Amino acid sequence: MISAMGPAPTRAAGSVGPVETRYADLPDPIDLDCGRRLTQVRVAYETYGTLSPERDNVILVCHALSGDAHAAGRSATSTDSTRDGFGAEDRDGAGTQGLGWWDGMIGPGKAFDTDRFFVVSTNLLGGCRGTTGPSSVNPETGRPYGSDFPVVTVADMVRTERAFLATLGIERLAAVAGGSLGGMQALQWAVQYPDRVGAVVAIASTHALHAQGLAWNAIARDAIMRDPDWQGGHYHGTGRAPSAGMGVARMVGHVTYLSSDAMTDRFGRGLQSSDDVRYTITDAEFQVESYLRHQAGTFVKRFDANTYLYTSRALTYFDLARQHGDGSLAKALEGVTARTLLIAFSSDWLYPPSASRDVEEALLGLGKPVEFHVIDAPYGHDCFLLEEARQTPIIRRFLSA
Ligand SMILES: CC(=O)SCCNC(=O)CCNC(=O)[C@H](O)C(C)(C)COP(=O)(O)OP(=O)(O)OC[C@H]1O[C@@H](n2cnc3c(N)ncnc32)[C@H](O)[C@@H]1OP(=O)(O)O
Ligand SMILES: N[C@@H](CCO)C(=O)O
């Protein structure tokens, strides 16, 4: 066995232990769907587990809108976590700062079992956490791209992941997995590189976002672009950034990641500071308002507004049927050879179970191996981050087959 992480670090049971994000510079440019070419592309990545000598135990994990390469373990270099909602202390008091965004799913004995698999996680193309994106320096100008960055698609992200894996000498994936936009990438892998993927795990995802999903994403992007500090997308180096707009975008986004019932159960109409209304239009009177402002505040500290715009655009463009099958999902999925696992959550209205069912039915119609599970859970779209215990046995069983 080859260890790509060096000597095994001391680790708590079930944890991959301390990890470090690394960076790979791609030797060749990436040709994009929009017709442009990106040169000097860098990819941020982490790996967990041990690569087999045959290089046949690789699982690529793809993240959702605001994730990064730090999916598991405790970051040795950063306390800056993508788990906005988590406090500094978790239930066992060990602290969650610096923990990867899918730490509950990746590790020894976990859903993506690092005793068996070599798990690779990357920051997607267009990202702001180490992979080339709009805040990177444009080699042609020596200045950050800003809105000169080309529009990227999910297919471009997958193209970049494929080129990056080649730099590690990995040509085939045992599986590719992800939630939400990460699930879109997983499905795209199966369509784009059918001979390079053994299995797909697409969670809380879709083949194409519905009109309401497009609408909420449009509102979020508009909130950023209407902030005068966005400056047409060239705010880097000006000392001003569209934090107000991005905060609003995150508040909108966060509401779409939760279910109405979950918000009612948690906050109801509770007031934030007292039982009496204060007759204010500016302060966060209700608990739910205060919570959203908190989510906005933590998000703007860790995320780049242009990356939000490009990533949101990519996930709204994603449409397997339109891009690969002239409007027919079955045609788009015709070439898929991977076994497919689809998981959806009953309360997820943004990426509803019906979207995964469309994919299941298309694959079944083609006689392809597919499993579909709907987990009855109340929290909405973010269930894929919260319902780890209930996803784990399904994924472990699927990956053991
Ligand atoms: C998906 C990928 O691929 S990677 C990206 C994954 N990360 C994210 O999506 C980050 C944003 N999402 C979240 O934070 C999600 O809430 C989750 C799913 C990750 C975490 O959910 P939960 O554990 O339920 O966290 P929760 O939503 O309760 O948020 C807790 C925070 O809200 C704060 N909070 C709770 N109620 C209130 C309130 N009334 N007023 C102000 N703040 C409040 C808590 O103090 C806590 O703050 P802290 O994190 O600074 O300590
Ligand atoms: N909360 C997740 C869900 C997006 O689909 C994120 O911010 O990436």
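The values are calculated or read from the model by the stated rules, or taken from the named source; none is laboratory data. Note that this is a predicted model, so its numbers are computed, not measured. In this analysis, Cβ positions are derived from the backbone assuming ideal geometry, glycine residues included, and neighbour counts consider all displayed protein chains.
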Within region 105-138, track down each residue that is in a loop (DSSP other than H, G, I, E, B) and of a type in the set (A, V, I, L, M).
MET105, ALA111, LEU124, LEU125
Selected residue (criterion: nearest to ligand 2 (Cβ to nearest atom)) from residues of region 171-193 that are outside any strand (DSSP E or B), under 13 Å from the mean Cα position of the chain (by Cα) and of a type in the set (Gly, Ala, Ser)
SER180
If the Cβ limit is 7 Å and pairs must be 6+ apart or interchain, which residue in region 229-242 that is over 10 Å from SER135 (Cα atoms) and in the same structural domain as LYS301 (by TED's automatic domain parsing) pairs with which residue that is crowded, with 19+ Cβ neighbours inside 10 Å and among the β-branched types (Val, Ile, Thr)?
TRP230/ILE224; PRO242/ILE224
Of these, SER52, SER66, SER75, which one is within 16 Å of ligand 2 (Cβ to nearest atom) and assigned by TED's automatic domain parsing to the domain that holds ALA24?
SER66
Exactly one of (1) within 20 Å of the chain's Cα centre (by Cα); (2) within 27 Å of VAL152 (Cβ to Cβ) is unmet by ARG390. Its number?
(2)
Restricting region 342-373 to residues that are surrounded by fewer than 16 Cβ atoms within 10 Å (Cβ to Cβ) and not basic (Lys, Arg), the one farthest from ligand 2 (Cβ to nearest atom) turns out to be GLY367
Could you please tell me which pairs satisfy a Cβ distance under 7 Å, a separation of 6+ or placement on different chains, a first residue in region 162-176 that is in contact (Cβ under 8 Å) with a residue 12 or more places away in the chain and under 16 Å from LEU399 (Cα atoms), and a second residue that is basic (Lys, Arg) and surrounded by fewer than 22 Cβ atoms within 10 Å (Cβ to Cβ)?
ARG172/ARG196; LEU173/ARG196
Name the one entry in ASP33, ASP68, ASP80 that is at pLDDT below 95 and acidic (Asp, Glu).
ASP80
Report those helices (runs of 4 or more DSSP H) wholly inside region 210-298 carrying at least 3 residues which are of a type in the set (A, V, I, L, M).
211-225, 243-257
Does ALA338 satisfy the condition of being among the small types (Gly, Ala, Ser) and more than 16 Å from SER180 (Cβ to Cβ)?
yes
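Looking only at region 301-314, which residues are buried (at least 19 other Cβ atoms within 10 Å of the Cβ), within 12 Å of ligand 1 (Cβ to nearest atom) and part of a helix (DSSP H, G or I)?
Correct list: THR311 only.
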Is it the case that region 377-397 has a residue that's within 16 Å of ligand 1 (Cβ to nearest atom), of a type outside the set (A, V, I, L, M), surrounded by fewer than 18 Cβ atoms within 10 Å (Cβ to Cβ) and assigned to a helix (DSSP H, G or I)?
yes
Out of ASP275, ASP195, ASP265, ASP261, I need the residue that is away from ligand 1 (no atom under 16 Å from the Cβ) and of a type in the set (Asp, Glu). Which one?
ASP195
